[in-house]
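The values are calculated or read from the model by the stated rules, or taken from the named source; none is laboratory data. Computed from a predicted model, the values in this text were never measured in an experiment. Using ideal geometry, Cβ is built from the backbone for each residue, glycine included, and neighbour counts are taken over all protein chains shown.
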Amino acid sequence: MERPDIPLPQLHAFVVLADELHFGHAAARLGIAQPPLSQQIRRLEDKVGHALFRREPGRVTLTPAGRELLPAARRVLGELADGLAAARAVGSGRAGRLRIGFSASVALTVLPGLLRTFRERFPDAELDIREMTTAPQIAALHDKTIDIGLLREPPATEEELGFRTVLTEPFVAVLPAAHPLAAQRSVRLDQLADSPFVLPPHDVGPQLHDQITGLCAAAGFTPRIAQRAVEWQTVCALVETGLGVSLAPASIRRLRLRNVAFRRLAPGTARTRVAVAWRKHDPNPLVAHLLTTVSPDAPDGP
């Protein structure tokens, strides 16, 4: 079907005249003189091929052709106005789509408050929230399939990505409730040397995995990994069955599993970081807006 070549000012003039049914009133509303309005309507009628108004002394009425065109003209102008408003909202960062990746353990700490604050400030923004571990988040940021990452222990060097620490928290020992050390209020790491470990695989969070094994090495042993699980919730569930012990971020205590004991490490100086990550030159204004909702400092966690 041939696309109509009708300038929007002609459609606008037509709709305003249809509302007013008076050339003088319509011209005043449009902020133009009456002759230019009459010319606009004549040009539109020429394109339609039929008169749109009956012009009688002191009176203007719509013809059947005019009545048929009016709903479509209103719809076109309305959709254009909506589109312009939406484009302005997206361009200013008040609306649009923001894709956020997050590690499961972050849902126990900074994620709820961050999303709540962001939604309060930008209620028209659409959020696409995706659970994924640290390494897949880094890959997704590079592939531009997410815009923001909330991850644990970001890599040390990434030229294209920015990182901001939003939380630090200590590690805790994760023990089966029946484990002899569960009776203690705190655990020295070397006391776990003979226990099998349950840990996430190296490839889903290399920095955190290396940090945990490095702590064990500093305590004089290499952890004997009996089982691996991607998510910390699964790690704790496997510990609950007695398959081993683990070291985990302190926020994992909020899972409150009945047959799992979470014990402080003595000394508890080692801490793990949660960071927000983004592409440094991302043009999406919502990325910059989200970064304004997070503190550049690193508050202490549990």
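Summary of values
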item: Pair list, Cβ under 6 Å, 6 or more apart: segment 239-267 residue part of a loop (DSSP other than H, G, I, E, B), other residue basic (Lys, Arg); result: Ala266/Arg188
item: Segment 122-139: number of residues that are within 13 Å of the chain's Cα centre (by Cα) and more than 20 Å from Ala248 (Cβ to Cβ); result: 9
item: Qualifying residue in segment 168-191 (condition: farther than 27 Å from Leu243 by Cα and not acidic (Asp, Glu)); result: yes
item: Of residues in segment 71-103 being in contact with a strand residue (DSSP E or B) (Cβ under 7 Å, 6 or more places away or on another chain) and at pLDDT 85 or above, the one nearest to Arg253 (Cα to Cα); result: Ser103
item: In segment 214-252, residue modelled with the lowest pLDDT [restricted to those that are of a type in the set (S, T, N, Q) and crowded, with 18+ Cβ neighbours inside 10 Å]; result: Ser251
item: Residue check for Thr213: out of contact with any Gly (no Cβ under 8 Å at 6 or more places or on another chain), under 19 Å from Glu153 (Cα atoms) and of a type in the set (S, T, N, Q); result: yes
item: Checking Ala277 against (1) within 19 Å of Phe171 (Cβ to Cβ); (2) surrounded by 16 or more Cβ atoms within 10 Å (Cβ to Cβ); (3) among the small types (Gly, Ala, Ser); (4) within 33 Å of the chain's Cα centre (by Cα), the condition it does not meet; result: (1)
item: Selection count, segment 159-186, where residues are closer than 23 Å to Ala288 by Cβ and surrounded by 15 or more Cβ atoms within 10 Å (Cβ to Cβ); result: 7
item: Segment 1-33, subset in contact with a Lys or Arg (Cβ under 7 Å, 6 or more places away or on another chain) and modelled with pLDDT of 85 or more, residue nearest to Val48 (Cα to Cα); result: Gln10
item: Selected residue (criterion: modelled with the lowest pLDDT) from residues of segment 43-63 that are more than 17 Å from Leu11 (Cβ to Cβ) and part of a loop (DSSP other than H, G, I, E, B); result: Gly58
